[in-house]
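The values are calculated or read from the model by the stated rules, or taken from the named source; none is laboratory data. As the structure is a computational prediction, the values presented were derived from the model and not from experiment. Because the Cβ atoms are built from the backbone with ideal geometry, glycine has one as well, and the counts that use them run over all protein chains shown. The area values use the complete protein model at the heavy-atom level, side chains included, leaving out ligands, DNA and RNA. Shrake-Rupley method; radii C 1.70, N 1.55, O 1.52, S 1.80 Å.
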Amino acid sequence: MAEVVFVDSAEHAGELVADAIAELVAAKPDAVLGLATGSTPLSTYRALAARHLPLGSVRGFALDEYVGLPPGHPQSYRAVITREAVVPLGLAPSFVRVPGDDGGPLEGAGERYERDIVEAGGVDLQLLGIGSTGHIGFNEPGSSFASLTRVKTLAARTRADNARFFDSPDDVPVHCLTQGLGTILRARHLVLLAFGESKAAAIAAAVEGPVTSSVPGSAIQLHAHVSVIVDEAAGSQLANADYYRAAWASRLPWERL
Ligand code: PGA
């Protein structure tokens with residue numbers, strides 16, 4: 001079962017995740033982080049940046065990237081990861097990868113990205129947000145639990161959700177490259193964050209609903225080490241909320257995320 005932790009704010013969540021990353025990097029300076037984009041991971045990146053940890057040997061692999069944006073587009077996930085994570089955290093730019101950024105052709109980019117993750121030793125801690133469609137990464141409903149990094153078509157709802165980052169909804173790309181659910185499940189620790197009422201249904205379905213490719217986030221139920229961190233609004237539809245709160249309040253001294 002996923003451990004579910006209620007927090008009072010995104011900032012509090014960011015501090016908890018920063019604690020977990022600090023501990024990981026202290027034990028393994030060249031740890032591999034799975035990086036996410038969107039609004040959700042920003043409080044984690046801010047909390048980490050404030051700690052000035054030595055992260056120069058850490059490697060990072062982003063979950064996904066749009067296909068078809070001009071190089072250097074400010075909303076490309078390469079640009080977002082550079083702006084929000086690489087620069088403030090002091091990561092080495094050449095150690096941080098985004099799908100499709102190896103200069104090779106789009107065809108085969110997924111296979112090459114998978115190979116590079118394996119060669120880096122696999123992802124130690126994967127940050128995840130969840131979309132209103134229930135997607136993690138850009139794995140939209142129907143994605144195979146065995147899927148690896150590949151080109152996908154974005155759901156209309158995801159394009160509408162992300163239109164806020166673009167001048168016009170028509171500017172949101174139609175295609176993306178995304179790690180698959182199978183890729184995500186290979187990471188050693190999954191940390192799924194969600195804030196706000198708009199995520200409540202997706203979180204309840206992912207954590208407590210049936211395991212189904214119709215809710216890609218429900219793949220987390222197949223993983224042995226998952227931390228789900230929610231604010232009150234995002235956790236408001238969880239049936240077992242009282243149990244999660246009691247379990248976290250009574251955790252043993254050595255228990256971490
Ligand atoms: P958000 O997106 O963090 O901007 O809410 C999450 C997602 O779509 O996976």
Notebook entry, point to check: What residues qualify as long-range amide H neighbours of Val67, i.e. H under 5 Å apart, gap of 5 or more or another chain, H built at 1.01 Å from N?
Noted result: His175, Cys176, Leu177
Notebook entry, point to check: To the nearest 0.05, what FRET efficiency results for Ala120 and Ala146 with a Förster distance of 22 Å applied to their C-beta separation?
Noted result: 0.55
Notebook entry, point to check: Within the chain, what's the longest stretch lacking trypsin sites (Lys or Arg not before Pro) that sit in DSSP loops with no more than 14 other Cβ atoms inside 10 Å?
Noted result: 1-250
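Sort Phe95, Phe166 from largest to smallest accessible area, using a 1.4 Å probe on the heavy atoms of the protein chains.
Phe95, Phe166
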Next item on the list: Keeping the other protein chains in place, figure out the carbon and sulfur percent of the accessible area of the chain, with a 1.4 Å probe.
Entry: 56 percent
Check: Once amide H atoms are placed 1.01 Å from N in the peptide plane, what residues at a sequence separation of 5 or more from Val7, or on another chain, have their amide H within under 5 Å of its amide H?
Finding: Val230, Asp231, Glu232
Notebook entry, point to check: Between Ser198 and Leu106, what is the label-to-label distance in nm when each label sits 7 Å out along the Cα-to-Cβ direction?
Noted result: 2.7 nm
Notebook entry, point to check: What ³J(HN,Hα) values, in whole Hz, does the Karplus curve 6.51 cos²θ - 1.76 cosθ + 1.60 give for the stretch 105-113 when θ = phi - 60°, with x put for Gly and Pro?
Noted result: x, 4, 5, x, 4, x, 4, 5, 5
Next item on the list: Give the distance, in whole Å, between the Cα centre of the stretch 106-154 and the Cα centre of the stretch 54-75.
Entry: 13 Å
Next item on the list: With a probe of 1.4 Å, find how much accessible area the chain has per residue, and write the answer as a whole number in Å².
Entry: 43 Å²
Next item on the list: Would you rank Phe61, Phe6 by solvent-accessible area, highest first, keeping every protein chain in place and using a 1.4 Å probe?
Entry: Phe6, Phe61
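By DSSP, what percent of the beta bridges with both residues in the chain are antiparallel, rounded to the nearest 5?
Of the beta bridges lying entirely in the chain, close to 30 percent run antiparallel.
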Check: What is the set of long-range amide H partners of Val123 at a cut-off below 5 Å, with H atoms built 1.01 Å from backbone N?
Finding: Arg188
Margin query: Apply the Karplus curve 6.51 cos²θ - 1.76 cosθ + 1.60, θ = phi - 60°, to the phi angles in the stretch 63-77 and return the couplings in whole Hz, x for Gly and Pro.
Written below: 5, 7, 7, 6, 10, x, 7, x, x, x, 4, x, 9, 5, 6
Notebook entry, point to check: Ordered by residue, what ³J(HN,Hα) values in Hz, to whole numbers, does the stretch 120-128 give under the Karplus form 6.51 cos²θ - 1.76 cosθ + 1.60, where θ = phi - 60° and Gly and Pro are x?
Noted result: 7, x, x, 7, 7, 9, 10, 7, 9
Item checked: Hypothetical label at Asp30: residues of the stretch 56-70 whose amide nitrogen lies under 20 Å (7 Å Cα-Cβ projection) -> 56-62
Item checked: Overall Cα dimensions of the chain - principal axes, largest extent first, Å -> 51, 39, 33
